[in-house]
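First comes the structure, then the notes that go with it.
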């Protein structure tokens, strides 16, 4: 087998127990030199490979039908454009090879490329080295297991952490083999299957890759559109991958980071603006007026796109903002399936229900025909197809949604006095005399009929996150935003 670049990190032969504080609920994220470095990446790679390899060998030894036995003893790995990512990747590769497992190095990738490659290469798992939209002095690892299934703290991640911290690695395996496979053509071809290029009408797009990992994939998709003679013009903004992020960390959730895309849409009289975060697993849209479209309305729009293609299918959504999504699903004869927010929950509910599409207001969009995983590239392709088929502008598609179901957008409050459970319990008591319909699926949701809110604790920060929506009543929305903001400030929760 061919090998990738020479691995520079050389691990110790003996491992003392350590604490690794970079493990989070769904992935690994840490500050470089503080709780993440090459030695830790090596331990994580080796622990991940050892656990997956042991499960695989146990399945083979059982002589019974098992989904693992159809796979290969291989793990795929890619990394984003951050300057630290290649070194961390090579250290993780060394750990996996030392665990006796074969590794496919995909080169510089976005997270969704690892999702695709894990299933495509019939691998036991995959790793993307990325910190997505975190500050430049951070990095991390996103892990998936067989068939691109997510790994969370209560479903394998804690076991990987425990082994990585203990250093009790097996040493009786032969070293694995390494391949460098950087060709993206199969992934690109698959992404293009989500649309029919014959449907496309003349459109001008601004695509802001944020100097992250998206640029090379955008180039390949634009080439495919050109080969199909699709009348799509693309203006590329902050396109060249650059780990120093000269135009700021790619995070369109920050309002200041939207300005460049908005201005480019207006200056070029574009029909659509598209922006990505660093590992492009999220896609953000701007209409022809440069207006940022809240993610909850994009979920409704994509639900419509899929139900037009696949009538009566299930659509999965999260409970933070739901009025519009549920209305769209009902209007287009789909089946509404609610899930707790977070990629591991959404993906599992989609698998259980066979849903064709799932979406979160956080700009994560999941697709049954993309290994039930999230993609940042598929949404904008679906959007240009929907614009072409309907003959409407993006603002025309979503303005009705926004008017019918206005929402606050996600409001974040930093906790200074009480913890999140205390505040959530207190706000439930405050509104209980109004007899709302209550759900605890994800934080606390209270529905009063003409308005509702969801309040939940952040998984990663000392924050609570609030979303409020109404049925066509913007004055009521503004009133309730002010009322709850004032009440939260009295509890010591400060708007972040």
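The values are calculated or read from the model by the stated rules, or taken from the named source; none is laboratory data. Treat the numbers as computed from the prediction; the structure is a model and nothing was measured. Note that each Cβ is placed from the backbone with ideal geometry, even for glycine, and that neighbours are counted across all protein chains shown.
I need the strands (runs of 3 or more DSSP E) fully contained in the stretch 277-380, keeping only those with at least 1 residues that are at pLDDT 95 or above and over 18 Å from residue 128 (Cβ atoms). Can you show your working first?
Numbers: elements: 283-286, 314-317, 335-338, 357-359, 365-367.
Fully inside the stretch 277-380 and qualifying: 283-286, 314-317, 335-338, 357-359.
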**OP:** Starting from residues that are buried (at least 20 other Cβ atoms within 10 Å of the Cβ), in contact (Cβ under 8 Å) with a residue 60 or more places away in the chain and more than 22 Å from the chain's Cα centre (by Cα), keep the ones in the stretch 255-286 and report whichever is farthest from residue 332 (Cα to Cα).
**Re:** 270
Original post:
Within the set of pairs 6+ apart or on separate chains, which have a first residue in the stretch 78-93 that is farther than 14 Å from residue 242 by Cβ and not assigned by TED's automatic domain parsing to the domain that holds residue 130, a second that is at pLDDT below 95 and assigned to a loop (DSSP other than H, G, I, E, B), and C-beta atoms under 9 Å apart?
Top reply: none
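Identify all residues within the stretch 441-487 that are in a loop (DSSP other than H, G, I, E, B) and modelled with pLDDT of 95 or more; write none if there are none. Show your work before the answer.
Residues of the stretch 441-487 that are in a loop (DSSP other than H, G, I, E, B), as a first pass: 441-443, 448-450, 458-462, 471-473.
Scanning the stretch 441-487 gives 441, 442, 443, 448, 449, 450, 471, 472, 473.
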Subject >> Candidate set from the stretch 52-79 (those that are touching a helix residue (DSSP H, G or I) at 6+ places or on another chain (Cβ under 8 Å) and part of a loop (DSSP other than H, G, I, E, B)); member that is surrounded by the most Cβ atoms within 10 Å (Cβ to Cβ) >> reply: 71
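Determine, yes or no, whether residue 360 is buried (at least 19 other Cβ atoms within 10 Å of the Cβ) and either in the same structural domain as residue 491 (by TED's automatic domain parsing) or touching a residue at least 60 places away in the same chain (Cβ under 8 Å) (or both). First the steps, then the outcome.
On the way: buried (at least 19 other Cβ atoms within 10 Å of the Cβ): yes; either in the same structural domain as residue 491 (by TED's automatic domain parsing) or touching a residue at least 60 places away in the same chain (Cβ under 8 Å) (or both): yes.
Yes; evaluated as a whole, the condition is true for this residue.
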Subject >> The one condition in (1) in contact with a helix residue (DSSP H, G or I) (Cβ under 9 Å, 6 or more places away or on another chain); (2) over 27 Å from residue 35 (Cα atoms); (3) free of Cβ contacts under 8 Å to residues at least 24 places away in the same chain that residue 171 fails to fulfil >> reply: (2)
Original post:
Of the residues in the stretch 234-251, how many are without any contact (Cβ under 8 Å) to a residue 60 or more places away in the chain and either within 27 Å of residue 399 (Cβ to Cβ) or assigned to a loop (DSSP other than H, G, I, E, B) (or both)?
Top reply: 9
Original post:
On the given criteria, is residue 445 more than 20 Å from residue 403 (Cα to Cα) and surrounded by fewer than 17 Cβ atoms within 10 Å (Cβ to Cβ)?
Top reply: no
Original post:
Any residue at all in the stretch 207-220 that is touching a residue at least 24 places away in the same chain (Cβ under 8 Å), in contact with a helix residue (DSSP H, G or I) (Cβ under 9 Å, 6 or more places away or on another chain), crowded, with 20+ Cβ neighbours inside 10 Å and part of a strand (DSSP E or B)?
Top reply: yes
Original post:
Name the pairs: first residue in the stretch 105-122 and part of a helix (DSSP H, G or I), second residue modelled with pLDDT under 95, Cβ to Cβ under 9 Å, at least 6 apart or on different chains?
Top reply: 111/132
Original post:
Hey, residue 438 hits all of (1) touching a helix residue (DSSP H, G or I) at 6+ places or on another chain (Cβ under 9 Å); (2) farther than 30 Å from residue 286 by Cβ; (3) not in a strand (DSSP E or B) but one; which does it fall short on?
Top reply: (3)
Original post:
Does residue 396 meet the test of being out of contact with any strand residue (DSSP E or B) (no Cβ under 7 Å at 6 or more places or on another chain) and crowded, with 22+ Cβ neighbours inside 10 Å?
Top reply: no
Subject >> Out of 125, 140, 176, sole residue that is in contact with a strand residue (DSSP E or B) (Cβ under 9 Å, 6 or more places away or on another chain), under 17 Å from residue 102 (Cα atoms) and buried (at least 21 other Cβ atoms within 10 Å of the Cβ) >> reply: 125
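If we keep just the residues of the stretch 423-442 that are touching a residue at least 24 places away in the same chain (Cβ under 8 Å) and farther than 16 Å from residue 490 by Cβ, which is nearest to the chain's Cα centre (by Cα)? Show your work before the answer.
Within the stretch 423-442, the first condition is being touching a residue at least 24 places away in the same chain (Cβ under 8 Å), and the residues that meet it are 423-424, 426-427, 430, 439, 441-442.
Next, only the ones that are farther than 16 Å from residue 490 by Cβ stay: 439, 441-442.
Numbers: 439: 25, 441: 20, 442: 18 Å.
Among those residues, the one meeting the criterion is 442.
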